[in-house]
Amino acid sequence: MKFATSEEITVVNNVLSSITHPKRIKIDSNSDTSALCETGLISNINFTDCLLGLKLCNIKLAATCATEIAESLHQAPNLRKLDLSWNPLYSGVSDLAGNIHHVPELTELKLTEVQMREKECVVLASSLNKVNKLQKLNIAGNSLGQGIMALAEHLAYVPELVMLDLEGTEMGEKEITAVAQCLPILSQLKMIYLSDNPLGYGIIELAEHLNCLPGLTELELAQTNMGEEEATALALCLPSLSQLKRLNLSVNPLGHGIVQLAERLKCVPNLTELVLYKTHMGREQVSALARALKHVPKLRTLDLYNNPLGRGIRVLIQHLSSVPELRQLFLRGVKMTKKEVNDLGAVRDLISDYHVSVSLY
């Protein structure tokens with residue numbers, strides 16, 4: 001929704017107040033909606049036991065609004081989904097956490113980029129024992145730091161978790177190690193998002209525990225200070241992740257770790273997305289990867305942009321027929337000769353709805 005005029009804002013508030021027993025409310029805007037919040041948006045929402053979903057994203061809700069929502073939760077005991085992402089909630093997150101016991105049926109909680117800090121994370125963590133049916137937890141884009149340690153201590157209370165998003169939360173080696181040690185309890189996890197964190201050597205600890213997650217389908221570890229040793233450790237755990245569909249290790253100097261990864265692609269035959277841009281992949285690494293493509297015939301997206309592939313691009317082109325379902329091949333920033341581009345075009349003619357981006361030299 002976009003709220004450009006006072007008349008439109010009035011309409012929204014009138015509609016909200018007129019719906020006596022709403023089941024789901026979704027307001028998500030990219031425009032200036034500060035006026036909407038100033039007109040008492042929250043007070044116009046009828047919180048009842050019929051309310052199952054509440055999504056109020058990017059509408060400049062402040063801490064006071066979060067407090068108002070928190071104090072209304074007792075009227076909506078059947079709430080399943082709560083998403084207040086991209087709002088400057090700050091300390092209001094603590095009030096939400098303090099009242100979350102009123103919604104024991106909650107299965108999804110999303111608080112992406114809400115200016116949550118370590119203190120609020122600790123309070124939220126201590127409230128998880130009240131929502132043990134939680135399946136999706138997204139607190140990405142918040143400066144949580146050591147608050148993650150408190151979160152790890154309480155993750156055992158949400159054993160049904162299938163998605164955990166901690167991207168960009170200033171996690172370090174100590175924090176990822178604590179989270180990794182919780183994975184045996186969270187055996188139902190299918191999606192883990194940890195990108196944009198300086199995890200470093202902690203990734204080795206993570207890899208050692210990923211074998212507890214046989215149903216994992218998505219793993220995001222882009223820009224995590226992963227090097228060759230960490231990439232090798234991750235490759236060694238792939239035999240335990242046969243259901244993996246998406247793997248993102250971008251913006252990491254993986255080196256020979258890519259060769260180790262390629263050798264074990266046969267363990268993840270269901271892979272559909274492999275994202276390895278800016279991984280310092282050279283001729284040897286891309287050649288090994290190309291020859292391993294036959295083991296992932298369901299691959300639809302392969303992202304290798306901004307890598308110095310050199311003549312290895314020729315080996316890649318020769319093996320693209322091994323992935324007949326490939327629809328997106330990203331090679332932007334990869335230098336290629338005209339002949340190599342033409343050869344790539346011939347492959348494109350064989351595959352419908354095929355997209356490729358390249359750089360000539």
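Since every read-out is calculated from the coordinates, none of them should be taken as a lab result. Since this is a predicted model, take the numbers as computed values, not measurements. Methodologically, a virtual Cβ is constructed for each residue, glycine included, from the backbone with ideal geometry; neighbour enumeration extends over all protein chains shown.
Residues whose amide H falls under 5 Å from that of Ser143, counting only those 5 or more places apart or on a different chain, are Met116, with hydrogens built in the peptide plane. Could you check what % of the DSSP bridge pairs in the chain are antiparallel, to the nearest 5? Of the beta bridges lying entirely in the chain, close to 0 percent run antiparallel.
Using the Cβ atoms and a cut-off under 9 Å, what net charge is assigned to the surroundings of Leu144, where Lys and Arg are +1 and Asp and Glu are -1? Surrounding charge for Leu144 is -3.
Listed values [x] 24.6, 76; [y] 23.2, 67; [z] 20.2, 75 include one computed from this model; for Rg and Dmax of the Cα atoms in Å that value carries the label [y]. Here the Karplus relation 6.51 cos²θ - 1.76 cosθ + 1.60, evaluated at θ = phi - 60°, turns the backbone of region 20-27 into coupling constants of 6, 9, x, 9, 9, 10, 9, 10 Hz, with x for every Gly and Pro.
Diffusion of region 258-308 by Stokes-Einstein, at 10 °C in a medium of 1.306 mPa s and with Rh set to the Kirkwood radius over alpha-carbon pairs, works out to 145 µm²/s.
If you plug the beta carbon distance of Ser143 and Lys23 into 1/(1 + (r/R0)^6) with R0 = 35 Å, you get a FRET efficiency near 0.50.
Whole Å is fine, so just give me how far the alpha carbon centre of region 141-216 lies from that of region 269-339. First find each Cα centre; the distance between them is then 29 Å. With R₀ set to 45 Å, the beta-carbon distance separating Arg332 from Glu229 gives a calculated FRET efficiency near 0.95.
When the P(r) is computed for region 62-176, the part past 23 Å accounts for 18% of the Cα-Cα pairs. For region 175-236, compute Rh as the Kirkwood radius over C-alpha pairs and then the Stokes-Einstein diffusion coefficient at 20 °C and 1.002 mPa s; write the answer in µm²/s, rounded to an integer. Diffusion coefficient, whole number: 186 µm²/s.
For region 250-292, applying the loop criterion from DSSP together with a ceiling of 16 other beta carbons within 10 Å to the trypsin sites (Lys or Arg not before Pro) yields no site.
Shape of region 36-119 from its Cα gyration tensor (a ≥ b ≥ c, root eigenvalues): rounded if a/c is under 1.5, otherwise prolate when a/b > b/c, or oblate? Oblate. When the C-alpha to C-alpha distance is required to be over 21 Å, the pairs from Lys110/Lys278; Lys136/Lys190; Lys130/Lys245; Lys298/Lys339 that qualify are Lys110/Lys278; Lys130/Lys245; Lys298/Lys339.
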